[in-house]
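Read-outs throughout are calculated quantities, based only on the coordinates presented, and are distinct from any laboratory measurement. If you're wondering where the values come from, they're calculated on a predicted model, not measured in any experiment. Here the Cβ is made from the backbone with ideal geometry for all residues, glycine too, and neighbour counts use every protein chain on show.
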Amino acid sequence: MCLLHLPAKNGGIKINTFHQFKMMFLAQLKLTLREKQAWFWGIFFPVILMVIFMVIFSGSSDEEFKTEVAIVDPSPNPASELMLSQISGLPVFEIKSGKPVTRDKAEEWVKDQEVDAAIILPESTEASSVFLVINKENEQGAAAQAVSGILDKFVQQANLMAAGASPKYALQYESITSGTNELDYTDFLLTGMIALSIAQGGMFGMVDLVEMRRKGLIKRLRMTPANMGIFGLSDMVMRLLFSIVQIILLSLIGVLVFGAHLYINPFTLIIVFLIGALSFNALGYFFSSFSKTTEAYMGVANICSFLMMFLSGVFFPIETMPEWIQPISSILPLTYFAEGLRESMVYETSIATGALWAGIGVMVIWGAVTFLLGSLLYKRKAIAADR
Amino acid sequence: MTVLEVRNLQKSFGQIKAVQDISFSVNAGEVFTIIGPNGAGKTTTLEMIEGLVSPDNGEIHFGDLDWNKHAVSIKKKIGVQPQSSAMFDLLTPEENLNLFASFYDHARPAKEILEIVNLTEHRNNHVKKLSGGQRQRLAIGLALISDPEIIFLDEPTTGLDPQARRNIWDIILHLKELGKTTILTTHYMEEAEKLSDRVCIVDQGNVITLDSPSSLIEKLTDEREIRLSFLDGEEAAKDADNFLKDAESVSKTEREGATLKIWAARPEETLLDLFKFTKEKSYQVEQVSIRELSLEDVFIAFTGKEWRD
């Protein structure tokens, strides 16, 4: 065979920049699709995690709070009869056996934890106390607390009525959000999981760079006239596409299986998504710049990802955490990414909102600083680490 | 015609002087081999020529081109197979070749390259599943995809079994038939002798000697090592040893049991005398051999050190 004798121009393929981008992108696409790890951590893991959390924490949220109590009416009188009829009317209390029982019987039920509490009605119109019998083991339990709270309010009202006054102040609940729609836990968790998956994609995904460097692939590409800028761009486009697949998949599962409500402001979503995804990729790039081995990289990425997972309000609102932790949350980028996604996917917040831009600002700072540090480290090492 | 000229290259990494002073020039169409033990500075020299590492001192010219002004033109002219044989493990050989082809204005079709490196059969397997030899052939294929004038092969046969190594030799000889210039590093002397038009022996970052394999060997002393072993045991060997003490052309002898090693400037004459002596004494000789000189002896002669693979 004398193939190589031919002048290069005859059998050659003329290329241009777009062709190079296309080939690089196709290669990235194949590499991602063929990498089992990418499927597991990028798709399977977030889906499983979200499903577990949703099943555990929002599965019973449709049911109303209900508690079973026993009523003791030692000597029926007008006051106790009035109270009995009113308590029976409260939907939260389910009265065991439907009618008053003896005190002994009621206490036995409490002891055996067959009821959450026993309510002992006043013995006469003059008697002023209502007894509440609660099992000591359950004293701090939610049901016992709730029963005592409800009963307390009930007694107060009864007092007012007895004094002939009508309540002047009544507490009325109203939840206020800056957006149009309210947030329930499913929506909260869904948006949090989307933020987490994209963040992890960026923080873990750059391990490819460490691997490529370790195997000498970066060096190999530098020996060709390949445009490394285009190579980076094709890699970035691939990662963004993968993240879009994550958003769509998680949203579909959240909405179709768990009944999440999404009201999307597409423009805000695109901005938040792009800035968030890029800054977490910058974070991963930074990790890759100082990690010599994939193990070292994964260690750093794991620590950061775990810290952020629990401190950034992905699973639970930041407000439920101890106060001293909250300042840490307020500097983490994932806090603002999750918030930004909630604003754009649940509250339909418009891009012109100030608070949103503060969050975007924090993410941009994280992205820019880590990217610059990473580039600096890469440049410094390029000279020393070539051997 | 000179296609590559290297003058007074120097490179240090911290305290370590990897390359102290290396100069040579390579002619069009030849297989030029840089050989030396591990850590001699072969790879660093090659990486400076390939533009990956900038030298502390010295010049590199590809005809009229140099790295400072014509990096892209040089990259289009050369094809490199680095020691690490880096490629995309989850792509197939064909996909790897097509991807690399997209980096160049003019590239050979992947199909042709697959035939040259004998991987047509495996073109659709993931690289991850290829054997060491197949991987190495693909690495050479990637170096050929741009149809380069100058091909750099950095230890292409290290760690391969004899058959896989011979396959790579065939490819290198084929490239030579096609008129390509090949610059090869190896630490196998046998390989350098078989493939090269000229050999540049380096040690501790310096060029020790540079010539064709045969003239390098010819330049050595004509003293040869003769080995004789006797069926009659130690006594016969001792006797022969004593007999040779008076022989003029013998510089040195060494005896180990029934085996005698003789270093002689005129081996034929010495052997003739020896056989006369053994016939006289009716000793029986079991084995006779004269060792051929190889590049290893050149290395030992120049450095005074043993050669280790």
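Dipole magnitude of the protein assembly as shown about its Cα centre, charges +1 at Lys/Arg Cβ and -1 at Asp/Glu Cβ only, in debye to the nearest 20?
The dipole of the protein assembly as shown has a size of about 1920 debye.
Compute the longest continuous run of chain A that contains no exposed GluC sites (Glu not before Pro); treat a site as exposed when its DSSP state is not H, G, I, E or B and it has at most 16 other Cβ atoms within 10 Å.
Longest site-free region, per DSSP loop and neighbour criteria: A:183-322.
Would you grab the residues whose amide H sits under 5 Å from the one on B:Val53? Only those 5+ places off in sequence or on another chain, please, with H modelled 1.01 Å from N.
B:Met48
Rounding to the nearest 20 debye, state how big the charge dipole of the stretch A:77-119 is about its Cα centre with +1 on each Lys and Arg Cβ and -1 on each Asp and Glu Cβ.
140
Here are some pairs, B:Lys69/B:Lys176; A:Lys215/B:Lys11; A:Lys96/A:Lys153; B:Lys75/B:Lys176; A:Lys105/A:Lys136; which of them have Cα atoms lying more than 19 Å apart in this structure?
Result: B:Lys69/B:Lys176; A:Lys215/B:Lys11; A:Lys96/A:Lys153; B:Lys75/B:Lys176 exceed 19 Å.
Which lysines, if any, have their Cα less than 24 Å from the Cα of B:Lys276, not counting same-chain residues under 8 positions apart?
Those lysines meeting the cut-off are B:Lys238, B:Lys245, B:Lys252, B:Lys261.
How many partner chain Cβ atoms sit within 10 Å of a residue's Cβ in peptide B:94-103, on average, as a whole number?
Mean number of neighbouring Cβ atoms from other chains: 6.
Can you give the helix-only mean residue ellipticity at 222 nm for the protein assembly as shown, where every DSSP H stretch with n ≥ 4 adds -39500 (n - 2.57) and the sum goes over all residues, rounded to the nearest 500 deg cm²/dmol?
Value at 222 nm, helices only: -16000 deg cm²/dmol.
What does the average come to when, for each residue of peptide B:174-183, you count the partner chain Cβ atoms lying within 10 Å of its Cβ?
2
Shielding by partners for B:80-86, please: the mean number of other protein chain Cβ atoms within 10 Å of each residue's Cβ.
Across the residues of B:80-86, the mean count of other-chain Cβ atoms within 10 Å is 5.
Determine which aspartates and glutamates satisfy two conditions relative to A:Lys292: a Cα distance under 15 Å, and not lying fewer than 8 residues away in the same chain.
Straight-line reach from A:Lys292, under 15 Å: A:Asp208, A:Glu211, A:Asp386.
Kindly express, to the nearest 10 degrees and within the range 0 to 90, the angle between helix B:267-281's C-alpha long axis and the longest C-alpha principal axis of chain B.
40
Each residue of the stretch B:23-30 in turn: what ³J(HN,Hα) in whole Hz from Karplus with 6.51, -1.76, 1.60 and θ = phi - 60°, glycine and Pro shown as x?
With coefficients 6.51, -1.76 and 1.60, one gets 9, 6, 9, 10, 8, 4, x, 9 Hz.
Longest exposed-loop-site-free stretch of chain A, with chymotrypsin sites (Phe, Trp or Tyr not before Pro), DSSP loop and at most 12 other Cβ within 10 Å?
My reading of the result: A:174-323 is the longest stretch.
As a test, work out the antiparallel percent of DSSP beta bridges whose residues both lie in chain A, rounded to the nearest 5.
Among the beta bridges of chain A, antiparallel pairing accounts for roughly 35 percent.
Give the angle, between 0 and 90 degrees and rounded to the nearest 10, that separates the Cα long axis of helix A:228-258 from the longest principal axis of the Cα atoms of chain A.
In chain A, helix A:228-258 runs at an angle near 20 degrees to the longest axis.
Rounded to whole Hz and in sequence order, give me ³J(HN,Hα) for the stretch B:241-256 from the Karplus expression 6.51 cos²θ - 1.76 cosθ + 1.60, θ = phi - 60°, writing x for Gly and Pro.
Listing the rounded values in order: 4, 4, 4, 6, 3, 8, 5, 6, 7, 8, 8, 7, 10, 9, 10, 9 Hz.
Amide H of B:Ile34 versus every other amide H placed in the peptide plane: which residues, excluding those fewer than 5 positions away on the same chain, fall under 5 Å?
Amide H to amide H, under 5 Å and 5 or more residues apart or across chains, B:Ile34 pairs with B:Leu184, B:Thr185, B:Thr186, B:Cys200.
I'd like to know which of A:Gly276, A:Val72, B:Leu175 lies farthest towards the positive end of the charge dipole of the protein assembly as shown, counting +1 on Cβ of Lys and Arg and -1 on Cβ of Asp and Glu.
Positive-most Cα among the choices belongs to B:Leu175.
Treating the beta-carbon of each Lys and Arg as +1 and of each Asp and Glu as -1, no other charges, what is the dipole magnitude of the stretch B:185-309 about its Cα centre, to the nearest 20 debye?
Roughly 120 debye for the stretch B:185-309.
³J(HN,Hα) across the stretch A:214-220 via Karplus (A = 6.51, B = -1.76, C = 1.60, θ = phi - 60°), whole Hz, x for Gly/Pro?
Per-residue couplings from phi come out as 4, 7, x, 5, 5, 4, 4 Hz.
So which trypsin sites (Lys or Arg not before Pro) in the stretch B:171-251 pass both tests, a DSSP loop state and at most 16 other Cβ atoms within 10 Å of the Cβ?
Passing both the DSSP loop test and the Cβ count: B:Lys245.
To the nearest 0.05, what FRET efficiency results for B:Glu280 and B:His126 with a Förster distance of 51 Å applied to their C-beta separation?
In this case the efficiency is close to 0.10.
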